[in-house]
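Structure, as structure tokens:
The values are calculated or read from the model by the stated rules, or taken from the named source; none is laboratory data. These numbers come from a predicted model, not from an experiment. Neighbour counts run over all protein chains shown; Cβ positions are idealised from the backbone, glycine included.
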Amino acid sequence: MTILLYLVPAALGLGLLALAAFMWSLKSGQFEDLDGAAYRILNDDDVRSE
Amino acid sequence: MNLDLAVEGISSADAIAEIERALSVIPGLTQARLNFTTRRLSTEWIKASFNPSPAISTLENLGYRVAPFTGDAEESEEDRYTRWLLRCLVVSGFAGINVMLLSVSIWAGNVTDITPETRDLFHWLSALIALPAAAFSGQPFFYKALRALRQGDMTMDVPISIGITLALAMSVYETAHHAEHAYFDSALMLIFFLLSGRVLDHAMRKKTRSAAANLNALRIPIASRIEADGRITEIPSDALMAGDMILIAPGSLVPADGVIESGRSQIEASLVTGETEPKSVKPGDLVFAGTFNQNGALTLRVSAAGSRTVMADIEKLIHEALTSRSRYVQIADRVARLYAPVVHIAAAVTAMAWIAVGATVHDALVIAIAVLIITCPCALALAAPVVQVITAGALFQKNILIRSGDMIERMAEIDTIIFDKTGTLTLPEPSLIDASALTPEALMMAGRLALSSHHPLARAICETVREKGTVLKPYTDVQEITGSGVSCIIDGVEARLGHPTFCNVHAPIWTDNRSCIAFRYGKMAGLIFVGQKLRADAFEVINSLKARGYRILILSGDHERIVKDVADHLNISEWHAAMSPKEKCDFLTRLKDQGQQVLMIGDGLNDAPALAAATASLSPATGADVTQAAADAVFTGKSLVPVLDLLVLTQKGRRVMIENFGLALIYNLIAVPLAVFDYVTPLIAAAAMSGSSVIVALNALRARRAEGLSS
């Protein structure tokens with residue numbers, strides 16, 4: 001059962017990672033415009049020729 | 001420096017690239033990003049060179065209507081709350097999944113070969129995750145429950161909070177005593193399901209709120225302020241201050257209350273008083289915001305005092321009326337008031353009965369708490385919010401924005417409908433009534449010429465010609481003479497559109513509540529009559545409302561003759577004319593006292609108190625700000641059919657809601673006996689709780705469709 005010593009922290013750690021990732025995406029406004037992103041990928045205007 | 005703009009006229013996703021590309025060349029603008037969901041453009045500027053006018057005119061040249069946002073404080077607070085709820089939801093979801101992982105191991109281990117030590121370790125690990133997570137994500141319920149208890153009230157939050165707390169406390173106790181069962185996962189799942197209902201509810205409210213805010217921003221008129229040095233600057237009218245001098249062009253809305261300094265004109269005040277007949281005004285007269293200046297240029301001194309007195313009266317009436325509405329108790333709360341005592345008594349009786357038949361106090365308490373956990377109103381608390389979200393979504397597609405979910409229940413109980421006339425039964429903007437004096441070709445020329453005019457009556461002509469399917473292009477080199485009309489040379493001949501004298505056309509003195517515009521092209525000339533026109537589908541909608549058994553009335557501030565005309569045309573026998581805001585409000589209160597459930601539909605400032613006093617209320621999106629704020633729902637577009645859709649969908653919504661409560665009750669009828677007789681293991685609790693929630697959510701989807709809905 002020593003395997004639990006590795007697996008339980010690993011499972012919790014991964015879960016926390018996902019939680020942190022979601023919190024970050026929420027904070028950075030990625031859920032503000034759910035429809036626009038699908039179309040934005042189709043235009044190349046943001047590629048600037050320097 | 002940031003500036004948010006509402007953008008109207010976006011029809012396809014190409015607009016994102018088009019708008020952002022066009023704005024990339026504006027000096028001082030560092031970033032422009034269009035939110036395609038909310039139709040808002042957020043811009044960032046270098047503070048020193050902040051000047052949004054070129055950006056706005058660029059967008060207007062592309063064919064979009066743009067308006068800056070001014071006050072958004074309230075909204076961001078709501079946004080913060082929604083985001084907090086979402087955070088709570090995610091935390092409870094994360095913790096729930098991890099605890100469930102451990103629980104499944106325990107359930108599997110209990111029937112195979114788990115050692116008591118490993119089980120204890122897993123239980124303690126669960127406690128380690130569940131306790132902080134529940135303390136954090138349960139806050140929305142705990143706070144509301146505390147507030148309700150302090151006010152001596154009973155809401156669904158109270159049994160929820162008790163259930164969560166007891167489940168956790170018992171689980172810790174059992175864990176400390178090396179027991180086989182703990183309910184950490186149930187507590188977290190309960191929080192997760194309940195929060196998802198609330199997050200959905202807030203997401204819906206956010207959607208309608210931002211749509212409504214866009215509408216409002218686009219409607220704020222621009223005022224021309226006369227500066228001390230005689231220059232004229234254009235500013236949003238809500239930035240005006242008392243003492244400012246403003247110029248009001250003929251054919252524009254008066255942006256603020258004030259006293260006329262110079263100029264004479266006719267003022268139409270239908271939005272404020274409901275009266276459609278224009279009034280003559282001269283220097284020294286008081287005019288109010290929201291009225292319409294017809295034919296002369298006016299200089300106005302803005303008086304904050306004037307705005308305060310008029311608004312104060314109306315706002316006081318609204319406030320009084322709203323307090324009576326807050327006494328309405330939602331179905332969910334009524335259920336909670338019955339439910340909570342029953343459940344708690346059942347749990348207590350269970351404990352006593354088990355002790356009576358010889359169980360230990362510990363065992364009896366464990367069973368009693370299991371009863372509380374299994375009855376904790378998961379499906380019950382989801383029953384109403386899920387339906388509210390679905391119904392609001394369906395209403396949104398029918399051009400109706402609702403302010404809160406609880407209006408659905410009130411709206412479904414309506415048996416009497418009161419219409420205001422101007423702007424509600426009739427179209428909010430003047431439309432073309434009679435142009436028989438002109439040939440179709442001449443009317444089309446008039447329409448093209450009208451495109452270059454800023455006068456609102458000109459828009460009526462453009463609209464009519466457009467409706468016939470012709471694409472209108474403006475003429476070049478059109479001259480606009482303020483107060484008179486527009487003129488231009490077409491094929492070497494002068495064309496004029498505007499005031500009858502300007503076009504040298506004889507006009508009748510008595511125009512019967514209509515305005516007339518003249519058109520002349522060489523020798524060809526004629527009058528076009530423009531005025532209030534009923535919404536195209538008003539007759540059909542009123543008829544089908546009557547067929548459904550609603551009592552229909554018209555209450556208007558307008559003259560008897562005009563109201564009677566409309567009432568006769570629509571076949572409405574009960575109508576009252578020349579009513580003041582207070583009379584409307586009192587009339588409504590009398591109806592309510594007689595036991596009628598009244599829906600008030602109106603757009604003017606004079607309707608606002610009545611809207612607040614009614615059981616439920618609706619306002620067109622063209623209505624005054626105060627009026628929209630007092631209404632439960634706002635509808636957009638030229639059609640009256642949203643009224644019918646609103647009633648059909650809310651009735652269906654309430655029916656599904658009641659079904660949902662029924663389903664939750666059936667779940668309890670099955671689950672409670674199991675808990676009382678000690679057959680409930682944590683596994684059964686988990687399955688039963690999520691099962692009932694899913695069934696309730698699926699049933700709610702049925703609220704989208706209803707018979708009698710417009711296609």
Sole exception among (1) in a helix (DSSP H, G or I); (2) crowded, with 22+ Cβ neighbours inside 10 Å for B:Lys206, by number: (2)
Subset of region B:459-469 that is without any contact (Cβ under 8 Å) to a residue 60 or more places away in the chain and not in a loop (DSSP other than H, G, I, E, B) - its residue that is surrounded by the most Cβ atoms within 10 Å (Cβ to Cβ): B:Val465
Test set (1) without any contact (Cβ under 8 Å) to a residue 24 or more places away in the chain; (2) farther than 30 Å from B:Glu174 by Cβ; (3) in a helix (DSSP H, G or I) - B:Val694 fails condition number: (2)
One residue from B:Ala379, B:Ala384, B:Ala437 being surrounded by fewer than 24 Cβ atoms within 10 Å (Cβ to Cβ) and among the aliphatic types (A, V, I, L, M): B:Ala437
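Rundown of residues vs (1) at pLDDT 90 or above; (2) crowded, with 24+ Cβ neighbours inside 10 Å; (3) touching a Phe, Trp or Tyr at 6+ places or on another chain (Cβ under 9 Å), yes/no style:
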residue: B:Ile601; (1), (2), (3): yes, yes, yes
residue: B:Leu605; (1), (2), (3): no, yes, yes
residue: B:Leu611; (1), (2), (3): no, yes, no
residue: B:Ala614; (1), (2), (3): no, yes, no
residue: B:Gly623; (1), (2), (3): no, yes, no
residue: B:Val626; (1), (2), (3): no, no, no
residue: B:Ala629; (1), (2), (3): no, no, no
residue: B:Lys638; (1), (2), (3): no, no, no
residue: B:Leu644; (1), (2), (3): yes, no, no
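For region B:3-18, state whether one or more residues are of a type in the set (Val, Ile, Thr) and farther than 18 Å from A:Asn43 by Cβ.
Let us first name the residues in region B:3-18 that are of a type in the set (Val, Ile, Thr), namely B:7, B:10, B:16.
Filter once more, so that each one left must be farther than 18 Å from A:Asn43 by Cβ: none.
No, region B:3-18 contains no residue that is of a type in the set (Val, Ile, Thr) and farther than 18 Å from A:Asn43 by Cβ.
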B:His499, sole failed condition from (1) buried (at least 22 other Cβ atoms within 10 Å of the Cβ); (2) over 38 Å from the mean Cα position of the chain (by Cα): (1)
Failed criterion for B:Leu472 (all others in (1) in contact with a strand residue (DSSP E or B) (Cβ under 9 Å, 6 or more places away or on another chain); (2) surrounded by 13 or more Cβ atoms within 10 Å (Cβ to Cβ); (3) at pLDDT below 80; (4) of a type outside the set (Gly, Ala, Ser) hold): (1)
Lone qualifier among B:Ala239, B:Ala217 - being modelled with pLDDT of 70 or more and not charged (D, E, K, R): B:Ala239
Members of region B:251-272 that are in contact (Cβ under 8 Å) with a residue 60 or more places away in the chain and surrounded by 22 or more Cβ atoms within 10 Å (Cβ to Cβ): B:Ser270, B:Leu271, B:Val272
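Does B:Ile528 meet the test of being of a type in the set (Val, Ile, Thr) and under 21 Å from B:Val465 (Cα atoms)?
Working: of a type in the set (Val, Ile, Thr): yes; under 21 Å from B:Val465 (Cα atoms): yes.
Against the criterion (of a type in the set (Val, Ile, Thr) and under 21 Å from B:Val465 (Cα atoms)), B:Ile528 qualifies.
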When residues of region B:649-671 are limited to those that are buried (at least 19 other Cβ atoms within 10 Å of the Cβ) and β-branched (Val, Ile, Thr), the one farthest from B:Ser617 (Cα to Cα): B:Val656
Candidates B:Phe136, B:Phe122, B:Phe192, filtered to the one that is among the aromatic types (Phe, Trp, Tyr), touching a residue at least 60 places away in the same chain (Cβ under 8 Å) and within 14 Å of another protein chain (Cβ to nearest Cβ): B:Phe192
Considering residues of region A:6-19 that are more than 10 Å from chain B (Cβ to nearest Cβ) and small (Gly, Ala, Ser) only, the residue farthest from B:Asn35 (Cα to Cα): A:Ala10
Per-region count, region A:24-43, residues in a helix (DSSP H, G or I) and at the interface with chain B (Cβ under 7 Å from one of its Cβ atoms): 4
Qualifying residues in region B:515-540 (those that are of a type in the set (Lys, Arg) and free of Cβ contacts under 8 Å to residues at least 40 places away in the same chain) - the one farthest from B:Gly485 (Cα to Cα): B:Lys523
Considering residues of region B:489-511 that are in a strand (DSSP E or B) and small (Gly, Ala, Ser) only, the residue modelled with the highest pLDDT: B:Ala495
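Do the conditions hold for B:Ala624, that is, is it under 15 Å from the mean Cα position of the chain (by Cα), farther than 21 Å from B:Phe587 by Cα and hydrophobic (A, V, I, L, M, F, W, C)?
So B:Ala624 fits the description; yes.
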All helices (runs of 4 or more DSSP H) inside region B:512-628 with 3 or more residues being of a type in the set (Asp, Glu): B:560-570, B:581-593
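Have a look at B:Arg40, B:Arg87, B:Arg33, B:Arg65 and point out the one that is away from chain A (no Cβ under 14 Å) and not acidic (Asp, Glu).
Values: B:Arg40 fails: away from chain A (no Cβ under 14 Å); B:Arg87 fails: away from chain A (no Cβ under 14 Å); B:Arg33 fails: away from chain A (no Cβ under 14 Å).
So the residue among B:Arg40, B:Arg87, B:Arg33, B:Arg65 that is away from chain A (no Cβ under 14 Å) and not acidic (Asp, Glu) is B:Arg65.
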Candidates B:Ser186, B:Ser171, B:Ser196 - the one that is assigned by TED's automatic domain parsing to the domain that holds B:Ile114, under 26 Å from the mean Cα position of the chain (by Cα) and part of a helix (DSSP H, G or I): B:Ser196
Selected residue [in contact with a strand residue (DSSP E or B) (Cβ under 6 Å, 6 or more places away or on another chain), free of Cβ contacts under 8 Å to residues at least 24 places away in the same chain and within 28 Å of B:His202 (Cβ to Cβ)] from B:Arg33, B:Arg39: B:Arg33
In region B:661-677, the residues that are of a type in the set (Val, Ile, Thr) and within 24 Å of B:Leu365 (Cβ to Cβ): B:Ile670, B:Val672, B:Val676
